[in-house]
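The values are calculated or read from the model by the stated rules, or taken from the named source; none is laboratory data. Since the structure is predicted, the reported quantities are computational estimates derived from the model, not experimental observations. All Cβ positions, glycine included, derive from the backbone under ideal geometry; neighbour counts span all protein chains shown. Keep in mind that these areas ignore ligands, DNA and RNA; they rest on the heavy atoms of the full protein, side chains included. Shrake-Rupley method; radii C 1.70, N 1.55, O 1.52, S 1.80 Å.
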Amino acid sequence: MTNLLEIRDLHKRYGDVEVLKGVDCAMAQGDVISIIGSSGSGKTTMLRCINMLEDFEGGTIRIDGEEIGYDTAGGRRRRKKEKEIARQRAMTGMAFQQFNLFPHMTAAHNVMLGLVKVKGMGRDEARGLAEKWLDRVGLAERRDRYPGQLSGGQQQRVAIARAIAMNPKLMLFDEVTSALDPELVNEVLQVIKDLAADGMSMLLVTHEMRFAYEVSTRVIFMNQGRIGEEGNPREMFVKPQTERLAEFLMNSTFN
Amino acid sequence: MTNLLEIRDLHKRYGDVEVLKGVDCAMAQGDVISIIGSSGSGKTTMLRCINMLEDFEGGTIRIDGEEIGYDTAGGRRRRKKEKEIARQRAMTGMAFQQFNLFPHMTAAHNVMLGLVKVKGMGRDEARGLAEKWLDRVGLAERRDRYPGQLSGGQQQRVAIARAIAMNPKLMLFDEVTSALDPELVNEVLQVIKDLAADGMSMLLVTHEMRFAYEVSTRVIFMNQGRIGEEGNPREMFVKPQTERLAEFLMNSTFN
Amino acid sequence: MDIAAFLHVLWLARMPILKGVGVTISISALAIVVGTLVGVGVGLVLTYGKGPLRWLVRGYTDFIRGTPVLVLVLASYYVLGTVGVDLGPFEAGVFALAVFCSSHVGEIVRGALQSIPRGQTEAAKAIGLTFPQTFAYVLGPQALRQMLPAWVNTAAEMVKASTLLSIIGVGELLLRTQELISRTFMSLEFYLFAGLLYFVINYGIERFGRYIERKTSVPS
Amino acid sequence: MGYTLNFSAVWRSFDLLLQGLALSLGLAVMGIAIGCVIGLVTAFGLLSKNALLRRPAQLYVTIIRNTPILVLILFAYFALPQMGVRLGKIESFVATLAVYSGAYLAEIFRGGLLAVPRGLKEAGLAIGLRQSQIRNTIVIPLMLRNVLPSLSSTLISLFKDTSLAAAIAVPELTFEARKINVESFRVIETWIITSLLYVATCTVLAALLRRLEKRMSIPR
Amino acid sequence: QENKSKLDEVLARGHLIMGTGSTNAPWHFKSIDDKLQGFDIDMGRIVAKALFNDPGKIEFVIQSSDARIPNITTNKVDLTCQFMTVTGERAQQVAFTIPYYREGVGLMLKADGKYADYAALKAAGSGVTISVLQNVYAESMVHAALPEAKVDQYDSVDLIYQALESGRADAVATDQSSLSWYMQQNPDRYKDAGYGWNPQSYACGVKRGDQDWLNFVDTALHEAMTGVEFDSYAKSFKTWFGKDLEPPQIGFPVEYK
Ligand SMILES: Nc1ncnc2c1ncn2[C@@H]1O[C@H](COP(=O)(O)OP(=O)(O)OP(=O)(O)O)[C@@H](O)[C@H]1O
Ligand SMILES: Nc1ncnc2c1ncn2[C@@H]1O[C@H](COP(=O)(O)OP(=O)(O)OP(=O)(O)O)[C@@H](O)[C@H]1O
Ligand SMILES: [Mg+2]
Ligand SMILES: [Mg+2]
């Protein structure tokens, strides 16, 4: 069986600074992987490469065996056509820290846009699906509100519904709760837990250690552009193997 | 001995909505009081009234026996002159969730502004004092940086130094850590702890229950515009008297 | 001033004035429509264009914006003729104003597009939209709202600039007014009256802009 | 077409053009400087909660911005003396330009003021600053930084508007250019040189503003 | 095709295209029913009549003073008749026809104004302001009559009158023909200062290098002033300048006296 996601020797630089210095990672269907690590360690960058929001200079990323973003044939590496990349992006769903809902569309229209324009679904069918997913994240009554009329937690749930409705093979979450007030965090985390229970494959960057501990099948600790440690959350949180992880965990548990 | 702060029957409304419905509170010199409570319960509003950032419709607030914001003589209540209110505001220092540093001034100038313009201090003396306080909050080397060149935690520490340098009788903190990344929270909390150890009187709104527990001499639980419960942190967190507080504490300890 | 005498003369002159208003409105409307269409292209190149093309368009907008409109008008009437494009005064004038309008609209479009948070493009990419789709459904509509007030200003600017076409003999409102003055010698009265008409046209545009703004505003 | 350019008539009177340009600059600097003050006061008026301050400010901005400046110039120069206000032609034009630019700048300043976060004013209050101190040390400096990028467009337009002073016999650049035209009839040549002078001045102006923007920019 | 004269082109086209203005009475301005009229207009009609035997076969292109010469040189018009003063410099750019009017500058005062006549103005020295149409030599032109007066130059005729009306100027100095027309339209409000100077000739202009066409227009104008079309010319002169002309003398041609 091929892995759902396979990253080999991923390298990424911004100008002179190498931000990812060779990341290898594999993930099976149904895995829920939390990525932790201190600020600037490259967590966000890794997600953005998987979704081709950033070009990268070296290594390969494969989803379901298909190479993302580049064709490597006969030693030469060429960026795929923009249209092809757009299609590949739709294989993954992404939720951002700042929600990034489209402010000029209602919640339902936010969810429908990709369905209609990318999947070519009819408007009625798309509407049905959008409503189904908004119900699932507990926003049945807010379908026709605009983002500006929703609280942060509600906006984030719409953003998740928008990504999920595209039926991605893999969901990427980048610190989806850190722009939220503490009391709103729970509603979003609950939605993610439910998705995990449904068997959705997920890769999530988070600062909520407790949540990472409870929900993930595996945890990756990023350190200075590399994977510092990786394993089962029970073992990692209780018995960190590296000093750097031990230190990081100590700092993160104050609250 | 008169209380440092005395609030009697404070009422405040925004349009039709009564946000503070009669708050009474007293605080002695050297007290460190944490205010907790769910979103919208009126915590911020209470601090803003004490600092006269909001007018209020009923009740009195006294600091060191002096009535804040209004003169109540012969049953008639009149807002004090703007200049008088400005003087009274300088009796309290305030630190905000969003830091609110002046972006066009260096850290040192941010601290000096009030000293020069309000206290009428000479520039050299003000500079000396500003440097002393920036050193105290661990920013000796960043004096001449602009806010945009500082991390969130550093900015918040400058904001605290700016307030403290004015030598206020009472410091007000409104969720000073909730706009910060988890790793930066600690630097700010440490500064507040040090101030508490020095005997500074403080009133702080916080969502960090652990911190409230560790640092405060008293805790106030606000609930729907009133003080729901009040007491010693050890007792309140372990044996909440009201069901509403018990519920609130349960929700707040997820992370 | 003798109000009654003026009103009498005004009544006699109603047809030329109405014609002038008509010409002013058609010049402005044409210039605004053409200028806006071209300007959107200019704005797109300024925002997303690369290399020499962008460089060229940057030069175009800077040069046009620095040149007095009067000079643009004279140039398109006379200089274009020498390179074989012989336009009548009306066409030449509209051309000049449209060029002027396009450089302003280009800057407005650029400003509006640049003020949309990057996250919007990324979110659109993340659900698999191609760039043209992203522009059509996400960036364009938001930019439109953003640029509306500045665009209304430019439209009013065009109406005022249309007065310069009188130099090459286009019978718009100002030239009509001057013709009336040369017969009646009531200069102040007619200039003020023309000012009033221009005010009404521009105020109409302003109200219209407000109306569209309200119509398209997003609840929050 | 066979039209050959001949610049000799223009060069012969080039010193006239330079004198005109100097006067244009002088008019612009004086008019816009006063306009800035008017604009600033009006901007605060526009944002005032007090309708007695806000309404007149709105009325002023609406009327002035929708009226062609030529009408305002003629009105100030010819009609005001009949109402007892008599200014010299330069003073009259400078006053008109000040009133006109004031209305435009007021709108720009208003936008810049709105973009100053409320929290900063509160932070100023919290350390005991008075309203006027907050306005002078925090709000206005930040507002100026906010508006600088969009200001260059407006300043360039206003500078070009000095060309209308020709209508009331103020010998600025356009006036001198027209004089040369009437004499030599070398219209195309004269306008080419004149517009180059305008473009050059505007370019220098834009560059200066960009420099200022850079100098005032807040390090981050 | 090669070197065909404008004359052939106009004849083939079937109507004449003449450049002129629309804002200067009595030379070229609009009637109440919005038709162009004036002395310049009548000159154009005389040329049209010579071409087609129909004064109506003419199309007017309205242009500002600035546009007079460029519109000729860029072929926008066949001919321009727009109170154009003949000067050597201008003659290097366009070909002038024979003059059709001889103009002089006059001074106009307010009837109830401070100054009675030319002598009073001159006596006031630098205390008077004169409004004139914009011109490079406007200043020296005024100073020829009033050596110390201040000179304000405006870019349109209505504004020089407006300057006098609103007290911005003490007198207007401009073409005597325009002044007399203005005083005729506004009886009793103004008066002539009684001094004239600075003679100049008005002629039509055509493009240089087409002698055929220039000859034709010259002939048409010449015969209007001295020959078969004299009646049209005299009638127009009477309408716009209010004076009757002596008919040309029979016999020896006046040109060779
Ligand atoms: N567009 C960019 N240009 C230059 N450097 C960048 C850019 N984006 C990120 N970086 C740098 O790359 C490094 C990794 O960034 P990344 O956002 O992946 O970190 P992160 O682990 O997600 O951190 P955080 O927890 O703060 O979100 C950081 O040092 C950052 O400064
Ligand atoms: N300017 C305002 N106008 C109208 N209503 C307001 C305004 N500011 C606050 N409120 C309302 O007053 C109530 C109390 O607000 P306050 O900010 O004091 O709550 P809080 O306890 O500080 O909440 P949080 O924990 O979210 O900061 C809320 O319901 C809020 O919506
Ligand atoms: Mg990140
Ligand atoms: Mg609050």
Exercise for review: Quick one: grab Rg to one decimal and Dmax as a whole number for the stretch E:22-98, Cα atoms only, in Å.
Suggested key: 12.8, 39
Point to revise | Taking the stretch D:8-216 and dividing mean pair separation by its residue count, relative contact order in percent (alpha carbons under 8 Å, at least six apart) | key: 31 percent
Review point. Just checking the protein assembly as shown: which Cys have no other cysteine's beta-carbon under 4.7 Å?
Key: A:CYS25, A:CYS49, B:CYS25, B:CYS49, C:CYS101, D:CYS36, D:CYS202
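What percent does the relative contact order of the stretch C:3-216 come to when contacts are Cα pairs within less than 8 Å and at least six residues apart?
With pairs under 8 Å counted, the relative contact order is 29 percent.
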Exercise for review: Estimate the FRET efficiency between A:ARG123 and A:ASP71 by the formula 1/(1 + (r/R0)^6), using the beta-carbon distance for r and 35 Å for R0, to the nearest 0.05.
Suggested key: 0.50
Point to revise | Nitroxide proxy distance, nm - points 7 Å out along Cα→Cβ at D:LEU47 and A:SER151 | key: 3.1 nm
**Study point:** Overall form of the stretch B:51-147 per C-alpha gyration tensor (a/c, 1.5; a/b vs b/c)
**Key:** prolate
Exercise for review: Could you tell me the total accessible area buried at the B-D interface, probe 1.4 Å, in square angstrom to the nearest hundred?
Suggested key: 2100 Å²
**Study point:** DSSP beta bridges in the protein assembly as shown [antiparallel fraction, %, rounded to 5]
**Key:** 60 percent
Study note, to complete from the structure: Spelling it out for B:MET171: with amide H atoms placed in the peptide plane at 1.01 Å from N, the residues 5 or more places away or on another chain with amide H under 5 Å from its amide H are B:GLY93, B:SER201, B:MET202, B:LEU203
Exercise for review: Over all alpha-carbon pairs of chain C, lay out the pair-distance distribution in 10 Å bins, whole %, shortest bin first.
Suggested key: 8, 27, 29, 20, 11, 4, 1, 0
Point to revise | E/D buried area, accessible surface, summed, 1.4 Å probe, Å² | key: 2700 Å²
Revision key, fill the gap. Residues hit by the 10 Å² burial cutoff in the stretch D:98-126, accessible area with a 1.4 Å probe, assembly against chain on its own, are D:TYR100, D:TYR104, D:ARG118, D:GLY119, D:LEU120, D:GLU122, D:ALA123, D:LEU125, D:ALA126
**Study point:** Inter-label distance, nm, simple model (7 Å from Cα along the C-beta direction), C:ILE3/E:ILE250
**Key:** 6.3 nm
Check your understanding: Ordered by packing density, taken as the mean number of other Cβ atoms within 10 Å over each peptide's residues, highest first, how do B:42-48, C:168-174, D:195-201 rank?
Key -> C:168-174, B:42-48, D:195-201
Review point. Applying the Karplus parametrisation 6.51 cos²θ - 1.76 cosθ + 1.60 with θ = phi - 60° to the phi angles of the stretch E:74-84, what ³J(HN,Hα) value in whole Hz is obtained for each residue in order, glycine and proline being reported as x?
Key: 9, 6, 6, 9, 7, 7, 10, 10, 8, 4, 8
Review point. Solvent-accessible area per residue for chain E at a 1.4 Å probe radius, Å²?
Key: 43 Å²
Exercise for review: Take the alpha-carbon centre of the stretch A:171-214, take the same for the stretch C:52-73, and report the distance between them in whole Å.
Suggested key: 52 Å
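Per-residue Cβ counts within 10 Å, from other chains only, averaged over C:171-182: what number is that?
Average per residue, whole number: 6.
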Point to revise | Integer Hz, Karplus 6.51/-1.76/1.60 couplings in order for the stretch B:106-115, x for Gly and Pro | key: 5, 3, 4, 5, 4, 6, 6, 3, x, 4
**Study point:** Expected 222 nm ellipticity per residue - DSSP helices of 4 or more, -39500 (n - 2.57), all of the protein assembly as shown, to 500
**Key:** -16000 deg cm²/dmol
Practice item. Among DSSP beta bridges lying fully in chain B, give the percent that are antiparallel, nearest 5. Key: 60 percent
Point to revise | Shielding of D:196-205 by partner chains, average beta-carbon count, 10 Å | key: 3
Point to revise | Percent accessible area from carbon and sulfur atoms, the stretch A:166-255, protein chains only, probe 1.4 Å | key: 46 percent
**Study point:** For A:GLU247, label point 7 Å along C-beta direction: distances to other copies, nm
**Key:** 4.5
Check your understanding: Quick one: which bits of the stretch E:55-104 get at least 50 Å² less accessible when the partner protein chains are in, versus the chain alone, with a 1.4 Å probe?
Key -> E:ILE62, E:ASP66, E:PRO70, E:THR74, E:LYS76, E:GLU89, E:ARG90, E:GLN93
Review point. Excluding ligands, DNA and RNA, what is the solvent-accessible area per residue of the stretch C:3-216 at a probe of 1.4 Å, expressed in Å²?
Key: 41 Å²
**Study point:** Length added when fully stretched, B:ASP144-B:LYS83, from 0.36 nm per residue minus Cα-Cα
**Key:** 18.9 nm
Exercise for review: Please go through the residue pairs E:LYS6/E:LYS235; E:LYS57/E:LYS235; A:LYS83/A:LYS169 and name each one whose alpha carbons sit more than 22 Å apart in this structure.
Suggested key: E:LYS6/E:LYS235
**Study point:** Relative contact order of the stretch B:26-81, pairs being alpha-carbon contacts under 8 Å that are 6 or more residues apart, as %
**Key:** 16 percent
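Could you state the accessible area per residue of chain B in Å², with a 1.4 Å probe and every protein chain left in place? Mind showing how you got there, number by number?
Details: 10820 Å² over 255 residues.
For chain B, the per-residue accessible area is 42 Å².
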Check your understanding: Under a plain spin-label model, where a point goes 7 Å from the Cα along Cα-to-Cβ, how far apart in nm are B:ARG62 and A:THR242?
Key -> 6.1 nm
Review point. So how tilted is helix C:51-66 from the main axis of chain C? Cα-based, degrees 0 to 90, rounded to 10.
Key: 30 degrees
**Study point:** Listing of the stretch C:194-220 residues, each with accessible area lower by at least 10 Å² in the full protein assembly than in the chain alone (probe 1.4 Å)
**Key:** C:GLY195, C:TYR198, C:PHE199, C:ASN202, C:TYR203, C:GLU206, C:VAL218, C:PRO219, C:SER220
Check your understanding: How large, in percent, is the carbon and sulfur part of the accessible surface of the stretch D:8-216 at a probe radius of 1.4 Å?
Key -> 67 percent
Check your understanding: Rounded, prolate or oblate: which one fits the stretch B:100-167, using the alpha carbon gyration tensor with axes a ≥ b ≥ c (rounded when a/c is under 1.5, else prolate when a/b beats b/c, else oblate)?
Key -> prolate
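Starting from the Cα gyration tensor of the protein assembly as shown, take the square roots of the eigenvalues, sort them a ≥ b ≥ c, and report rounded, prolate or oblate (rounded when a/c is under 1.5, otherwise prolate if a/b is larger than b/c, else oblate).
Prolate, since a/c reaches 1.5 and a/b exceeds b/c.
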Review point. Mind listing P(r) for the stretch E:10-163? All alpha-carbon pairs, 10 Å bins, whole percents.
Key: 9, 32, 31, 18, 8, 2, 0
Practice item. Give the interface area between chains E and C as buried accessible surface, both sides summed, probe 1.4 Å, in Å² to the nearest 100. Key: 2000 Å²
Practice item. Take the solvent-accessible surface of the protein heavy atoms, probe 1.4 Å, and return the percent of it on the stretch C:3-216 that carbon and sulfur atoms account for. Key: 72 percent
Check your understanding: What Kirkwood hydrodynamic radius, in Å, does chain A give when the mean of 1/r is taken over all pairs of distinct Cα atoms and then inverted?
Key -> 19.0 Å
Practice item. In whole Hz, with x marking every Gly and Pro, tabulate ³J(HN,Hα) for the stretch B:69-80 from phi via Karplus 6.51 cos²θ - 1.76 cosθ + 1.60, θ = phi - 60°. Key: x, 9, 10, 10, 10, x, x, 9, 10, 10, 5, 5
Practice item. Per residue of E:158-169, count partner chain C-beta atoms within 10 Å of its C-beta, then hand back the mean as an integer. Key: 6
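Any idea what diffusion coefficient the stretch D:8-216 gets from Stokes-Einstein, in µm²/s, Kirkwood Rh on alpha carbon pairs, 10 °C, 1.306 mPa s?
The calculation lands on 84 µm²/s.
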